[in-house]
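Have a look at the structure below before the remarks.
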Amino acid sequence: GAGVSQTPSNKVTEKGKYVELRCDPISGHTALYWYRQSLGQGPEFLIYFQGTGAADDSGLPNDRFFAVRPEGSVSTLKIQRTERGDSAVYLCASSFTTGERGYTFGSGTRLTVV
Amino acid sequence: AQSVAQPEDQVNVAEGNPLTVKCTYSVSGNPYLFWYVQYPNRGLQFLLKYITGDNLVKGSYGFEAEFNKSQTSFHLKKPSALVSDSALYFCAVRAPYSSASKIIFGSGTRLSIRP
């Protein structure tokens, strides 16, 4: 597609529930990144994929967070047993392999855990 | 490990005056540096980047940034501010010589331009 698409744009869930957030990157971008942004803060790195594999998952806060990219295109960020502290905007970005041409971000998914 | 600092939470400038948003970085080797802008309820929009070459980089909406290796800085500048420039600005750094590694963002600077 023309840009990075993230769905849903908003998600409200109850504490303890499971959620999935989807990212559809720009066609041809081999690298895909997930970030989390809390109100008034800078985006915090979570995980990035090169193709199908997670090249760096050092930013995932705990084992409740998991992400997949099975066919090297669309990625899903999965959060189990959600907590109120997980409430944030989850941003996805994609780039060509080296990132020198820049990183394109989606509009994000605003997750609210009540 | 790479890191980036934006020392000012907020910058206030009168319309028509020059503006500067400060950024310093820490990374081994020559960095890749980026500026992004975020408007309310919008995603991050790319402004400009420094990879190599001229230290003065020109980007979107009349913004420019100067890479200063000795001071490890990459300050964002614009000669004449517009009210529409009011937004949240993020500096980001990526370590070089690695394939598509993550970029690390600063905490952001809120730019407010008064008419």
Across the range B:93-115, the tally of residues that are within 8 Å of chain A (Cβ to nearest Cβ), aliphatic (A, V, I, L, M) and under 20 Å from B:Val57 (Cα atoms) stands at 2
Could you grab the pairs with beta carbons closer than 8 Å, sequence gap of 6+ or different chains, first residue in the range B:40-58 and facing chain A (nearest Cβ under 10 Å) and closer than 18 Å to A:Gln41 by Cβ, second one assigned to a strand (DSSP E or B) and β-branched (Val, Ile, Thr)?
B:Leu44/B:Val37; B:Gln45/B:Val37
Within the range B:76-115, residues within 27 Å of A:Glu100 (Cα to Cα), outside any loop (DSSP other than H, G, I, E, B) and not aliphatic (A, V, I, L, M) come out as B:Lys77, B:Lys78, B:Asp85, B:Tyr89, B:Phe90, B:Cys91, B:Arg94, B:Phe105, B:Thr109, B:Arg110
Test B:Phe67 against the stated conditions and say whether it is among the aromatic types (Phe, Trp, Tyr), surrounded by fewer than 19 Cβ atoms within 10 Å (Cβ to Cβ) and either modelled with pLDDT under 90 or assigned to a strand (DSSP E or B) (or both).
no
Quick one: B:Tyr36 ticks every box in (1) buried (at least 18 other Cβ atoms within 10 Å of the Cβ); (2) more than 9 Å from every other protein chain (Cβ to nearest Cβ); (3) hydroxyl-bearing (Ser, Thr, Tyr); (4) within 10 Å of the chain's Cα centre (by Cα) except a single one, so which number is it?
(2)
Out of all the residues in the range A:104-114, which are facing chain B (nearest Cβ under 9 Å) and either touching a Leu at 6+ places or on another chain (Cβ under 7 Å) or surrounded by fewer than 16 Cβ atoms within 10 Å (Cβ to Cβ) (or both)?
A:Phe105, A:Gly106, A:Gly108
Are any residues in the range A:70-103 farther than 21 Å from B:Ile104 by Cβ, at pLDDT 95 or above and either within 14 Å of chain B (Cβ to nearest Cβ) or assigned to a strand (DSSP E or B) (or both), and if so, which ones?
A:Thr76, A:Lys78, A:Ile79
In the range A:32-51, which residue that is hydrophobic (A, V, I, L, M, F, W, C) and over 17 Å from B:Ser3 (Cα atoms) is nearest to the chain's Cα centre (by Cα)?
A:Trp34
Any idea which of B:Gly43, B:Gly16 is of a type in the set (Gly, Ala, Ser), out of contact with any Asp or Glu (no Cβ under 8 Å at 6 or more places or on another chain) and farther than 23 Å from A:Gly108 by Cβ?
B:Gly16
For the range A:40-59, what are the residues that are assigned to a loop (DSSP other than H, G, I, E, B), free of Cβ contacts under 8 Å to residues at least 40 places away in the same chain and within 12 Å of chain B (Cβ to nearest Cβ)?
A:Gly40, A:Gln41, A:Gly42, A:Gly51, A:Asp57, A:Ser58, A:Gly59
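The values are calculated or read from the model by the stated rules, or taken from the named source; none is laboratory data. Since the structure is predicted, the reported quantities are computational estimates derived from the model, not experimental observations. Note: ideal-geometry Cβ built from the backbone for every residue, glycine included; neighbour counts use all protein chains shown.
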